Amino acid sequence: MKIDTQGVKSFIPTQKINELIASESHASESRIREIIAKSLDKNRLNPEETAALLSVTDPELKHLIQEGAKELKERIYGNRIVLFAPLYVGNECINDCVYCGFRISNKECQRATLTHQQLIDETKSLVETGHKRLIMVYGEHPMYSPEFIAETVQTVYDTKYKKGEIRRVNINAAPLDIEGFRTVKSVGIGTYQIFQETYHEETYGKLHPSGPKSSYLWRLDGLDRAMQAGIDDLGIGALMGLYDWKFEVMGLLYHTIHLEDRFGVGPHTISFPRIEPAIGTDFALHPPYQVSDEDFKLLVAILRLSVPYTGMILTAREPIAIRNEVLQYGVSQIDAGSSIGVGDYSAKDDESRRKSQFVLGDTRSLDDVIYELAQSGHIPSFCTSCYRAGRTGEHFMEFAVPGFVKRFCTPNALLTFGEYLYDFSSQRTLDAGLKLIDKELAAIEDPVMQNAVKEKLEELKAGKRDMYF
Ligand code: SAM
Ligand code: SF4
């Protein structure tokens, strides 16, 4: 793969972002209310408006923003939470990202790449706990060519085990060239995620000193190339702690606007992980722009309001209490029961920590997470229906098509949740879950839909699987 950035121009206006953050400072309460109302009316915010939200320091206005995000989430998306697990395929890496345990210069990292058989074993372990959706993660290395990525994804799809199989594989890997993206697309991937890490070019340069990732433009242009290869289901993200989080929120917004302007479709998901400690990685212990818990909550709410139709992913990097709180502000997907060491699901050993990229904040099992979600009134969902029925851009449809959530998302969440309960759950989760399903079924307003879901749930109980609307 040749890194070629000829003709690529940055769409991140660094100077303008700084000016906006400065000039929009101390927006009045009425302006903040207006901006929230615009978002609740299902409109993406413009950079001036997001900058105004970012400038807020008054606790009452912050509260207003968080309440606005909550309302948006409840009104549009309801109480479903989609669950997935990360699957680390290999941690070989030729880059030297200063914050990452996998970086080439980290002598404490134990390198590993799953063999074909290990990949099957890992997949079986995940299927056995009830997972249906994965994100496969790769370091950047010539070994992990597009053909290798495609092959490993295919292996996962081909692994049927006991009561289940993986039905959707998303990818988090290096940006490829257009041809490479085409190869990966051919095996039927879900979302291709690339995090820009920091949108601040100068900071980016310092933190990515060598390897292909040192090119800011190659990475920034990565999702454009994916689009050109026909992958229109994309995930963007910034690693919080590298630079001022307010700048990163603006960067994510500008990236969204760029994709919408150029391709008519924005990103499917946004990720906003905070840096976690990693073995042999001092930088990660003291990130220069550490984001406090309070700011993190505000950040999630502002992102929710700024891009109201984009899925938001919160990972198990975050501790349980934070996870529970920010779910309300508009998070739509979380991982659960996660292991992030290469080979960890099927063979945890003493060296696991040295094969892991960083340290997780939430190490509950999938069943425990599901139990707690059900107890707090969230419907855990393993739905993969839009992707398999060819309805791409599902998050946008949920948002834009009236009744979409009621017709598809909630029924499919209930069906996949029911499937989990009958096939994989503990007794206490089964009890709590069936209660929740009854309650949600009773709440379906349209009698025809209610009946259709009821019938399918009965078929599910009788042993039929993989049903969706
Ligand atoms: N190697 C590919 C890349 O860098 O794009 C994909 C895999 S990389 C393991 C996935 C993401 O992990 C990175 O994009 C980065 O944001 C995140 N990451 C790296 N070090 C981290 C740390 N110490 N804490 C939290 N997230 C980290
Ligand atoms: Fe390699 Fe990705 Fe880690 Fe950077 S973030 S060192 S590219 S695995």
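Tell me, for the chain, which Cys residues have no other cysteine's C-beta sitting closer than 4.7 Å.
93, 109, 383, 386, 409
Write down the accessible area per residue of the chain in Å², having rolled a 1.4 Å probe over the full set of protein chains.
39
Once phi is turned into θ = phi - 60°, what whole-Hz ³J(HN,Hα) does the Karplus curve with 6.51, -1.76 and 1.60 give for every residue of the range 129-146, x standing for Gly and Pro?
Here the 3J(HN,Hα) series is 8, x, 5, 10, 10, 10, 10, 8, 10, 9, x, 9, 7, x, 4, 8, 6, x Hz.
With n ≥ 4 as the cut-off for DSSP H runs, can you work out [θ] at 222 nm for the chain, using -39500 (n - 2.57) per run divided by the number of residues, rounded to the nearest 500? Spell out each step's value before the answer.
Details: 20 runs with 211 residues, N = 469.
Value at 222 nm, helices only: -13500 deg cm²/dmol.
Where the only charges are on Cβ atoms (+1 Lys, Arg; -1 Asp, Glu), what is the dipole of the chain about its Cα centre, to the nearest 20 debye?
Numbers: 54 positive and 66 negative charges, 177 e Å.
Computed about the Cα centre, the dipole is about 860 debye.
Against the empirical 2.2 N^0.38 Å scaling, what ratio does the C-alpha Rg of the range 403-461 come to?
Values: Rg = 11.2 Å, N = 59, 2.2 N^0.38 = 10.4 Å.
Normalised by 2.2 N^0.38 Å, the Cα Rg of the range 403-461 equals 1.08.
What net charge is computed for the residues neighbouring residue 190, neighbours being all others with C-beta under 9 Å from the C-beta of residue 190, Lys and Arg scored +1, Asp and Glu -1?
Numbers: positive: 133, 168; negative: 233.
Every neighbour counted, the sum reads +1.
Between the range 1-46 and the range 168-235, how far is it from one alpha carbon centroid to the other, in angstrom?
For the range 1-46 versus the range 168-235, the Cα centre distance is 22 Å.
Over the range 1-96, what is the relative contact order in whole percent, taking alpha-carbon pairs under 8 Å and six or more residues apart?
Numbers: 42 pairs, mean separation 25.6, N = 96.
Over the range 1-96, the number comes to 27 percent.
Quick check: at a probe of 1.4 Å, how many percent of the accessible area of the range 3-103 sits on carbon and sulfur atoms?
46
Which one of 331, 306, 275 has its Cα pushed farthest toward the positive end of the charge dipole of the range 74-381, where Lys and Arg give +1 and Asp and Glu give -1 at the Cβ?
Working it through, the farthest residue towards the positive pole turns out to be 331.
Given the range 74-381, what whole percent of its Cα pairs are spread farther than 25 Å?
On the way: 21986 of 47278 pairs.
That tail contains 47 percent of the Cα-Cα pairs.
Under the 0.36 nm per residue contour assumption, what length would be gained going from the current alpha-carbon distance of residue 228 and residue 455 to full extension? Kindly include the intermediate steps, with their values, before the conclusion.
Working: separation 227, 0.36 × 227 = 81.72 nm, distance 4.25 nm.
Between residue 228 and residue 455, full extension yields 77.5 nm more.
Can you flag which of 38/70; 185/464; 42/246; 246/297 are past 20 Å Cα-Cα? Show your work: numbers first, answer last.
Working: 38/70 15 Å; 185/464 30 Å; 42/246 23 Å; 246/297 13 Å.
185/464; 42/246, as the Cα separations exceed 20 Å there.
The values are calculated or read from the model by the stated rules, or taken from the named source; none is laboratory data. All values reported here derive from a predicted model rather than from experimental measurement. All Cβ positions, even for glycine, are placed from backbone atoms using ideal geometry, and neighbour counts span all protein chains on display. Surface accessibility is based on the protein's heavy atoms, side chains included, excluding ligands, DNA and RNA. Shrake-Rupley method; radii C 1.70, N 1.55, O 1.52, S 1.80 Å.
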